[in-house]
Amino acid sequence: MKHVTRIQYSSEEDTDHFTISFYFSPNEYFENTCLAVKFIMVDEEEAEGSKATEIKWKEGKNITKKVVIKKQKNKKTGDTREVHQEEDVESFFNFFKTIDIEESAENQDEDEGVTHPILFRIINLNMHNRKSCLRL
């Protein structure tokens, strides 16, 4: 977070949609100077989804993914090989993912109940009725 220079909130006229923008100084992880998330709202309290800036990660610097090396054994030959798989890692930068609430709900297991990831992002961001620009 040492590279964050400013955080800005902006709302759209005539809708409940709003955008949160994070501005960054040059850094070793990504090319972007601004990462933003626009929240698409049904009304003041219900989200429909979000649209986020795609992060342009520098080579080998994506901190939202990790490479896991697994060994596989061939049943016929007995040879083993390494398989490299990329897995998600919890990170602040996962905030900058586009989310479709309906699609998220369809992809969840019925036993889990429906949890909308975007709602976790909106909690405590209750900034609809005020505009702010924070300088760090």
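Yes/no matrix, rows are residues, columns are (1) buried (at least 16 other Cβ atoms within 10 Å of the Cβ); (2) modelled with pLDDT under 95:
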position: Asp14; (1), (2): no, yes
position: Ile20; (1), (2): yes, yes
position: Phe24; (1), (2): yes, no
position: Asn32; (1), (2): yes, no
position: Met41; (1), (2): yes, yes
position: Lys70; (1), (2): no, yes
position: Asn74; (1), (2): no, yes
Quick one: in the stretch 74-93, which of the residues that are among the β-branched types (Val, Ile, Thr) and part of a loop (DSSP other than H, G, I, E, B) is nearest to Ile20 (Cα to Cα)? Val89
Looking only at the stretch 53-64, decide whether some residue is over 14 Å from the mean Cα position of the chain (by Cα) and of a type in the set (Lys, Arg). yes
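Quick one: count up the residues across the stretch 16-49 that are of a type in the set (S, T, N, Q) and touching a Cys at 6+ places or on another chain (Cβ under 8 Å).
Of the residues in the stretch 16-49, 1 are of a type in the set (S, T, N, Q) and touching a Cys at 6+ places or on another chain (Cβ under 8 Å).
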Look through the stretch 43-68, keep the residues that are of a type in the set (A, V, I, L, M) and closer than 20 Å to Glu87 by Cβ, and return whichever of them is surrounded by the most Cβ atoms within 10 Å (Cβ to Cβ). Ile55
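The values are calculated or read from the model by the stated rules, or taken from the named source; none is laboratory data. Since the model is a prediction, treat every value here as computed from it, not as a measurement. For neighbour counting, all protein chains shown are included, and Cβ atoms are generated from backbone atoms with ideal geometry for every residue, glycine included.
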